[in-house]
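I have placed the structure first, in the form of structure tokens, so that the comments after it can refer back to it.
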Amino acid sequence: MSEKENLMKGIDERSPWRDITAGGFVYGSGNSEYFNTGDWRTRTPVWKPEHCRQCLLCFPVCPDSSIPVSEGKRGDFDFGHCKGCAICAKVCPFGAIDIVAGTESAEKGGEEA
Amino acid sequence: MTRKDRMSGNQAAAEAIRQINPDVIAAFPITPSTEIPQYVSSFKADGLIDTEFIAVESEHSAMSACIGASAAGVRAMTATSSAGMALMYEMLYVAASDRLPIVLAAVNRALTGPININADHSDSMGARDAGLIQLYSENAQEAYDNLLMANRIAENPDVMLPIMVCQDGFITSHGIENIIIEDDAKVKDFIGEYRPEKYLLNPSESLAVGPYSVSPYVIEMKRAAHEAMKNARQAVADVSADFARVFGREYGFFEEYRMDDAEYAVLVMSSAAGTCKDAVDELRAAGIKAGLVKLRMFRPFPADELADALKGLKALAIMDRSDGFSGTGAPLNAEVRAALYGKADVKTAGYIYGLGGRDIKVDDFKDIFGELADLAAGKELPYCRYIGVRE
């Protein structure tokens, strides 16, 4: 993601009504990046790099662009936006993605789904 | 060149649209407003306007297309009536919430059912909470004049709300009247260019219009629209004053007819005001101090100004051309009484009249003034009554 200015910076859930844009217009594009929706998650994917062959079948199917790819290789999930839909785990041919219950990954206390 | 002409209210509205030359018109035919887009499409075919005319498949789509065009950054207009307006209701709220200054030429017609094509105000009264400015016109001249003012009122940066200019179906829309059509260039100069601050087709700024609003933002957005509607009062006053300066015809939030020393008054909107003026003249000739208040601006509602104008009356009749079915009086009755509460101690009587195009006559108004005298003398009247209903 290239660096860009967040034109909605300073407008949040504490903003007085006079500071909200007219019509609720959202200035700039790609603003969803700034809106943390990961806490909607009720189950969490766990990436196991030792099983991952970097086939990259997972990242195009992610509805929330939460699998970052850099220089042809995926990294760990963007848990700020991952909703735990588990589509990535379904398409993974190598069992490199587990799904655990809860909003946290297994190392942080999540349970086996 | 300014010209005296004779034409119907629909033609007058179409003439206004020709002179405004909006960028986009999206409309769907419905009686009695059908002629407006019909005339406009002829203007387009004759090369008199360069408007993009979008023939849509419904009024819901007409307002949706206007929303898209207005959000893109251009002037958008439509026209409708009755069930067509009702089909627009969803998108009227969206247009207002998105703060888009769309102009709607409304030709008031009874809302089905029972199915009927004639004048009453149930259609625009159903849209009264949508967040549109609402102006009502007594005749073709006023429909024309109000439309010439509409864009500037709606596009005021402190307002940015859609606006509805209403005239009565058939009575005004199809009746031929004398009218003054102003000079094209003078009108163009009066209306000016529309330059929105933010718009979708701006290549140097990206923008999202109409995004989902989570609950922590909805009240703030409504509060801002509430302020915009309050600001519309000043915009209507300022644009009307400028209109009077340029074209010589004066418009307030309401017209006071023979109200200076009036003891009894009728408050009414649109075409019935013309009939009532005749009744007032006849009663005045007979020595009765009768007057009329014709409300032009229903949204925003000029409560303080009305209370000032009405205080001191012995009795007031409030005339609704729709029934809100509250069981305690129709919409105009309720709002006027609320405006008077605590500010002017005036006895009032509510009347519902003219539904589905039923005529109201000079004698009906004279009877109402007679009842106002009874009311002032201490007779109890019900909160609201139908005029001309067969008992």
For this session: Within 10 Å of each residue's Cβ, count the other Cβ atoms and sort B:181, B:25 from fewest upward.
Result: B:181, B:25
For this session: Pairs to check: B:277/B:379; B:314/B:379; B:198/B:230. Give those whose C-alpha atoms are more than 18 Å from each other in this structure.
Result: B:277/B:379; B:198/B:230
For this session: Give me the compactness ratio for the range B:249-391, meaning the Cα radius of gyration over 2.2 N^0.38 Å.
Result: 0.95
Exercise. At what distance in nm do the modelled label points of residue B:282 and residue B:174 sit from each other, each positioned 7 Å from its Cα along Cα→Cβ?
Worked result: 2.6 nm
Exercise. In nm², what is the average projected area of the convex hull enclosing the Cα atoms of the protein assembly as shown?
Worked result: 30.9 nm²
Exercise. How far, in nm, would the chain grow between residue B:214 and residue B:48 when pulled straight, counting 0.36 nm per residue and subtracting the alpha carbon separation?
Worked result: 55.2 nm
For this session: Taking chain B as the reference, fit the longest principal axis to its C-alpha atoms, fit the long axis of helix B:9-20 to the helix C-alpha atoms, and give the angle between the two in degrees, 0 to 90, nearest 10.
Result: 40 degrees
Seminar exercise, completed: The answer for GluC sites (Glu not before Pro) in the range B:335-385 that fall in a DSSP coil and have at most 10 neighbouring Cβ atoms within 10 Å is B:380
Exercise. Helix B:215-247 sits at what angle to the longest principal axis of chain B, using alpha carbons and giving 0 to 90 degrees rounded to 10?
Worked result: 80 degrees
Exercise. What whole number of Å gives the distance from the Cα centroid of the range B:120-195 to the Cα centroid of the range B:203-277?
Worked result: 11 Å
Exercise. For chain A, modelled as a GNM with alpha-carbon contacts under 10 angstrom, which of A:99, A:20, A:67 fluctuates the most?
Worked result: A:20
Problem set entry | Dimensions in Å of the range A:1-68 - Rg and Dmax from alpha carbons | 17.0, 53
For this session: Work out the P(r) tail for the range A:40-112: percent of alpha carbon pairs separated by more than 14 Å, whole number.
Result: 54 percent
For this session: Fewest Cβ neighbours within 10 Å first, please rank B:257, B:251, B:212, B:341 accordingly.
Result: B:212, B:341, B:257, B:251
Problem set entry | Tail weight of P(r) past 31 Å, computed on alpha-carbon pairs of chain B, percent | 35 percent
Problem set entry | 0 to 90° range, to nearest 10: angle between helix B:82-97 axis and chain B longest Cα axis | 60 degrees
Seminar exercise, completed: For residue B:366, the aspartates and glutamates lying under 16 Å Cα to Cα, once residues fewer than eight places off in the same chain are dropped, come out as B:263, B:278, B:281, B:282, B:374
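Bear in mind these aren't lab numbers, they're just calculated from the coordinates by the rules spelled out. Computed from a prediction, not measured in an experiment: that's the story for all the values here. Quick reminder, even Gly has a Cβ in these numbers, built from the backbone with ideal geometry, and neighbours come from all protein chains shown.
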